[in-house]
Structure formats: C-alpha cells, structure tokens
Amino acid sequence: MGVYYSKPKRYPAGIGILSHLCADTTEELMAFAEILGMNPKWLLDVGTHKEHFDVFGLKLKTLQAMPDLECLDEPQFVARLRERKERMMIERGKADV
C-alpha cells in the first residue's frame, strides 16, 4: 500500500509540467493531500481507480524532494492503476469483471 506519483510530464496548451498524485486507497491519498495542503475539491476521477490530484509548481517540487515517495514512469504508473482497479472490483464483488 502507498502513495505514489507519475513521472512529471509536459502537457500542451500552456498547462505546463505536472504529475498525477495517486494512492492505493482513497484514505491514503486524502491524508497525503492534506499534508501537502491540497484542497479536497481538487480531487479528480472521484470514486474510480483513476482517482488523483494534478500536482504542479511548488507542490510538485515538494513531491520530488521526498525520497521515500515513489515516482513511477508511465508503464509502472498504469500497472499500479490496474492493480487498484482489480482490488476495487474485488471489494465491490465484481472480481470477474
């Protein structure tokens, strides 16, 4: 179990460099977001396996300065999201979906 973020990536149209902050559980994600001072209203894809916060600027620099926090490349990040989806399906009684 844990909190992790995607390798920062440059997005077009003036969005800039950002990362996605995720966790194995909503509770872990929200607790960590509170530590970072993130507003719960900023949570995206609420209630899904893709639940995350977009992180950029100073908050991204803060994430990058945390040596124990996992920074995952895209294949690793997608794999973790798939694992979370599978866990959520099992918890909801839909293991075969």
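Read-outs throughout are calculated quantities, based only on the coordinates presented, and are distinct from any laboratory measurement. Because the structure is a prediction, the values reported are computed rather than measured. For neighbour counting, all protein chains shown are included, and Cβ atoms are generated from backbone atoms with ideal geometry for every residue, glycine included.
Suppose a student asked you for the relative contact order of the stretch 3-91, using Cα pairs under 8 Å spaced at least 6 residues apart; what percent would you report? Intermediate values should be presented prior to the final figure.
Numbers: 106 pairs, mean separation 29.6, N = 89.
That works out to 33 percent.
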With axes computed from alpha carbons, what is the tilt in degrees of helix 26-36 against the longest principal axis of the chain, rounded to the nearest 10 within 0 to 90? 10
How many angstrom separate the Cα center of the stretch 24-40 from the Cα center of the stretch 55-97? 13
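Pop out the Kirkwood hydrodynamic radius of the stretch 3-91 from its pairwise C-alpha distances, inverse of mean 1/r, in Å to one decimal. Spell out each step's value before the answer.
Details: mean 1/r = 0.0750 Å⁻¹.
Taking every pair of different Cα atoms in the stretch 3-91, averaging 1/r and inverting gives 13.3 Å.
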Tilt relative to the chain, helix 74-91 - C-alpha long axis, 0 to 90 degrees, to 10: 40
Projecting each Cα onto the charge dipole of the chain (Lys/Arg +1, Asp/Glu -1 at the beta carbon, about the Cα centre), which of A33, Y11, C22 comes out farthest on the positive side? Y11
Work out, step by step, the length gained on full extension between V46 and A65: first 0.36 nm times the residue separation, then minus their alpha carbon distance; give nm to one decimal. 4.2 nm
